[in-house]
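Reading through the structure tokens given below for one structure.
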Amino acid sequence: MAGSLAAIVVVGLIYVHPAFLIPHPVPRVPAVPSAPAPPLLPERYLVAYDFLTPADGWALVEDGAVAAPSFWVFKTTDAASHWQRQFAGSASSPTAGPLKIQFFDRNNGLMALGGTGPVYRTGDGGAHWTALTVPTLSYSQVFFSDRLHGWILGTLVSLDQRTTASQFFSTSDAGDHWVALPPPPAFLFAGKGGFSEVAFRGPSEGWMGGAASQPTVYSTIDGGVTWLTRPLPVTSGKGGFDAGSAPLLESAVYVLPGAGVLAVVFDQNGSPAGLTSFDGGSTWRRLPPPPGETSYSDFVFQDTFHWWAMRNGTLFKSSDAGRSWKEVAQQLDEWDYVPQVLDAKHAWARMVAPVPGPAPNLGTGLATSADGGVHWTPVNVPKPS
């Protein structure tokens, strides 16, 4: 009888709760659909962008895979939904420096292929371009503070390749004529990161870095005719900063929008220190290290005090000129974003594969943000062919 009762109980439980003997299927978590691959410019092409508004911008593209590279200028007026090819040309040799395209307003702009490449200007929004006659140098960089005032800083290598002399020129008529200036006090053949070797705020005030036995940058208030030495209050040795003296230190400087400068000095090991000055270099404030995995070359300036720094998809912002930072967004994809900030809400960013990174480097993309960099939307890239 006891066995019969037990059997009745078991059968009853199975009838009421069959799941006691029939296992539940494991619930499936819906797969999160992967984001579609953004439009890419193949990795053989070098590209530089410049945007004036959330809708209007230009791109300079060069074929970096051939000995005599072709290059193109494109324009968009609809936030990169479409790109219009405006100009095509060819260079005599591969680009030796970074591409540069810069517009001062909707009509006036310039482009430079870098190093030994040609320099062009436009006065009709890119519909027509005129090649500038510039001084012949072995390597040079071009900097314009506005559409009329510009400078060329470069090197001239002797015929026997044994000596190198620095050369410095300025123009006040948009590049029609160039005037030789006295040799600059210091010159770095190759700059660090994204910082300019020479930068001007208007026709008169300029700054440049260099190499010296003590941390130093240089400033001018007469358009580069004369320069003042601006020592930086840091010391350096073989073990890094604050460890005595070192025989050679490299410095770079960036002019902030509106007012002030950021100086970065590198010791022999390449370790950087950043400082800011807002009184023409009379006094300097030491900055904390860059936030997260960023470096000083990742700094982008919205205005004098509002800065962005982005690396490996993580965006930091500062509202006090780099004295403190706050993480504001993180992009969970396999792209590194290199932004150009227009204002507090709007920015563009070139998308590049991180190095090292899990994704193959198939090229570069382009994205735009309308909420201060919290979200980014990939858009079309110009197509050379």
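Side notes on the structure shown:
- Filtered by the rule that a residue be part of a strand (DSSP E or B) and more than 15 Å from His149 (Cβ to Cβ), segment 108-122 gives Met111, Ala112, Gly115, Tyr120, Thr122.
- Taken over segment 203-229, the criterion of being β-branched (Val, Ile, Thr), under 20 Å from Ser145 (Cα atoms) and surrounded by fewer than 20 Cβ atoms within 10 Å (Cβ to Cβ) is satisfied by Ile221, Val225, Thr226.
- Every condition in (1) more than 18 Å from the chain's Cα centre (by Cα); (2) in contact (Cβ under 8 Å) with a residue 12 or more places away in the chain; (3) within 23 Å of Trp58 (Cα to Cα) is met by Val374 except one, and the failing one is (3).
- Of the criteria (1) under 17 Å from Gly97 (Cα atoms); (2) surrounded by fewer than 19 Cβ atoms within 10 Å (Cβ to Cβ); (3) β-branched (Val, Ile, Thr), which one Thr163 fails: (1)
- Test: residue in segment 188-202 that is touching a helix residue (DSSP H, G or I) at 6+ places or on another chain (Cβ under 6 Å) and at pLDDT below 90: yes
- Asp343 being out of contact with any Cys (no Cβ under 6 Å at 6 or more places or on another chain) and without any contact (Cβ under 8 Å) to a residue 40 or more places away in the chain: no
- Boolean, Val234 is at pLDDT 95 or above and surrounded by 14 or more Cβ atoms within 10 Å (Cβ to Cβ): no
- Scan of segment 305-327 for residues that are under 17 Å from the mean Cα position of the chain (by Cα) and not small (Gly, Ala, Ser), ordered by number: His306, Trp307, Trp308, Met310, Arg311, Asn312, Thr314, Leu315, Phe316, Lys317
- Every pair of residues 6+ apart whose Cβ atoms lie under 6 Å, when the first sits in segment 204-223 and is free of Cβ contacts under 8 Å to residues at least 40 places away in the same chain and part of a loop (DSSP other than H, G, I, E, B) while the second is among the acidic types (Asp, Glu) and crowded, with 22+ Cβ neighbours inside 10 Å: none
- Test: Gly126 is more than 25 Å from Gly258 (Cα to Cα), in a loop (DSSP other than H, G, I, E, B) and touching a residue at least 60 places away in the same chain (Cβ under 8 Å): yes
The rows are residues; the columns are (1) closer than 20 Å to Pro382 by Cα; (2) not in a loop (DSSP other than H, G, I, E, B).
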residue	(1), (2)
Val66	yes, no
Val73	yes, yes
Gln86	yes, yes
Gly89	yes, yes
Gln102	yes, yes
Thr133	no, no
Leu137	no, no
Ile152	no, yes
Arg162	no, no
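- Among residues of segment 166-187, those that are under 18 Å from Val134 (Cβ atoms), surrounded by fewer than 19 Cβ atoms within 10 Å (Cβ to Cβ) and modelled with pLDDT under 95, counted: 2
- Listed here are the strands (runs of 3 or more DSSP E) enclosed by segment 270-385 that have at least 2 residues being buried (at least 19 other Cβ atoms within 10 Å of the Cβ) and small (Gly, Ala, Ser): 272-277, 347-352, 363-369.
- Test result for Glu293, among the charged types (D, E, K, R) and in contact (Cβ under 8 Å) with a residue 24 or more places away in the chain: no
- All of (1) surrounded by fewer than 19 Cβ atoms within 10 Å (Cβ to Cβ); (2) within 17 Å of Leu153 (Cα to Cα) hold for Asn107 with one exception: (2).
The values are calculated or read from the model by the stated rules, or taken from the named source; none is laboratory data. Please read these numbers as outputs of a predicted model, since none were measured by experiment. In this analysis, Cβ positions are derived from the backbone assuming ideal geometry, glycine residues included, and neighbour counts consider all displayed protein chains.
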